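What follows is one structure encoded as structure tokens, with my remarks underneath.
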Protein chains: 2
Amino acid sequence: MPAQKTVPKTPAKVGRPRSSDKDKSERGDRILNAAEELFALHGYDGVTLRTLANAAGVDVALINYYFGPKQQLFDTVFKRRAQILNEQRLTALQDAQQEAAPGVISVEKIIEAFLRPLEVAQESDDEGWKNYCALLAYVNNSAVWGPVLMSKHYNDLVDVFVDALREALPQSDDADLYWCYHYMSGAMSLTFANTGRIDKMSRGLCRSDDFRAAYDRMIPFVAAGFRQVCGEH
Amino acid sequence: MPAQKTVPKTPAKVGRPRSSDKDKSERGDRILNAAEELFALHGYDGVTLRTLANAAGVDVALINYYFGPKQQLFDTVFKRRAQILNEQRLTALQDAQQEAAPGVISVEKIIEAFLRPLEVAQESDDEGWKNYCALLAYVNNSAVWGPVLMSKHYNDLVDVFVDALREALPQSDDADLYWCYHYMSGAMSLTFANTGRIDKMSRGLCRSDDFRAAYDRMIPFVAAGFRQVCGEH
DNA sequence: ATTTAAATTCATCGCTTGTTGAATTGTCAA
DNA sequence: TTGACAATTCAACAAGCGATGAATTTAAAT
């Protein structure tokens, strides 16, 4: 009985998978998604490649095959959604500016353009956006990653929004403007982090993942702060 | 030549050190201080006991001897300065309330009592306070540690301040109040984190470690936000 | 039909991890 | 002076780490 060489019914454990197998080639995406979630929750050092491989349903060696060493994987995860987010915020700002023209755009509208796309992302069907936002919180608050990754991928956007705010607040001093931006960034980050702490603090009255509630209040809160510090004194 | 048993001039490498040796028994403190700094910078998983022992100038085994397993050490570090901080903020609030009596205390004064002790801490000669604040930022933004440690050590304080704010803003809804507190907490955390990002964003105009500048603007920013969201609508 | 390249698993490398037990030296009270 | 105890170092443990080279299977190109 000669061994039947072609197409054994049991799929091989090793080697390239048949393209007919579902869950075929998007293994790279599965890795990125799992990495996003785990890095956001446990930080860079809190995630081992074996844990990650397990979560993604993939062999450890495959991570290196697709994304190189661990640091490079982290970079890739962080970069993936940055561009999309920046575009959405820029579009929102331009729309608001167009709508206000030829008059001056209000501080609220600028803040809204900056923050609202994040609510949309966090509430989207793609659960990954929620994880990415939590990752953003981790990176933004980290003295190791923050100055590197945030500056690299988000500084251009910051410039555009600070320009818009400067125009809307003509009396403002630049240092005031940057500090206020910093407060906004902090408030936003803690919302991203989605830690569940406000649930405990408020004894269930507020929910960490009620992003609608979070942003509806955050926008007027931040706008008022800007006006107070950067407005007519 | 019989070995001289008593008091060899070279101090033994092993065994209990002579009490005459300077840097004697505050080895426990040295461990806590180094742990504070390293945990704040790299997070729980980013610090190995050997790195820590090296930074503290101490043998690895000594960490376990004094503080038990790693998690327990982390708890101890976090708890150490929490009580002190809480007391200072409470005193500041009571002083402000007494000064305002019998009238109503202003939102600004309450926020000031909450935030200013942190500026004092971060600028104090004891460098450890700066590290502790950075650790606070890490814990506050962590979904793993935040709900556990923050709630355990800071929820009582939150209650007192929210009560004061509720009284100063009689029209306020409780959910609004907690969300605004959350924004304040986020702005504060990012300032703690001291990442150096604002330096890059502002091209050197603002400095991350200029805490005076940070809090002088943060207090009116936050107060205005509270008033906008929780004040008379 | 052959060859080349892509995608996957497996086994293993050299290190590092947190933790612990034993040995050593000093202090202090009895 | 002796004995209990405190403080320290050292060596080692089993487990886990990131990384990689070899083997294997399939797909695609020629």
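Bear in mind these aren't lab numbers, they're just calculated from the coordinates by the rules spelled out. Keep in mind that this is a model prediction, so the values were computed, not measured. Methodologically, a virtual Cβ is constructed for each residue, glycine included, from the backbone with ideal geometry; neighbour enumeration extends over all protein chains shown.
So the values come out like this:
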| read-out | value |
| --- | --- |
| For peptides A:169-177, B:206-214, A:181-189, sequence by mean Cβ density within 10 Å, most packed first | A:181-189, B:206-214, A:169-177 |
| Label-to-label distance, nm, for residues given as B:Lys152 and B:Ala61 (7 Å Cα→Cβ offset) | 2.9 |
| Proxy reagent accessibility, fewest Cβ within 10 Å first, across B:Val107, A:Val222, B:Val160 | B:Val160, B:Val107, A:Val222 |
| Cα shape, the stretch B:27-79, gyration tensor, a/c 1.5 rule | rounded |
| Helix B:107-123 vs. chain B, principal-axis angle (Cα, 0 to 90°, nearest 10) | 20 |
| Shortest-first distances to equivalent copies, position B:Tyr65, nm, label 7 Å out along Cβ | 5.0 |
| Averaged over A:135-142, number of beta-carbon atoms from partner chains that fall within 10 Å | 5 |
| C-alpha center-to-center spacing [the stretch B:24-69, the stretch A:133-195] in angstrom | 33 |
| Shielding by partners, peptide B:90-99 (average Cβ within 10 angstrom, other chains) | 0 |
| Least to most buried among A:Thr91, A:Thr195 (fewest other Cβ within 10 Å first) | A:Thr91, A:Thr195 |
| Three principal axis lengths of the stretch B:81-230 [C-alpha, angstrom, descending] | 43, 34, 30 |
| Distribution of pairwise C-alpha distances over the protein assembly as shown, 20 Å bins, in % | 22, 50, 21, 6, 1, 0 |
| Taking B:Lys130, B:Lys13, B:Lys79, B:Lys70 and counting other C-beta atoms within 10 Å, the order from fewest to most | B:Lys13, B:Lys79, B:Lys70, B:Lys130 |
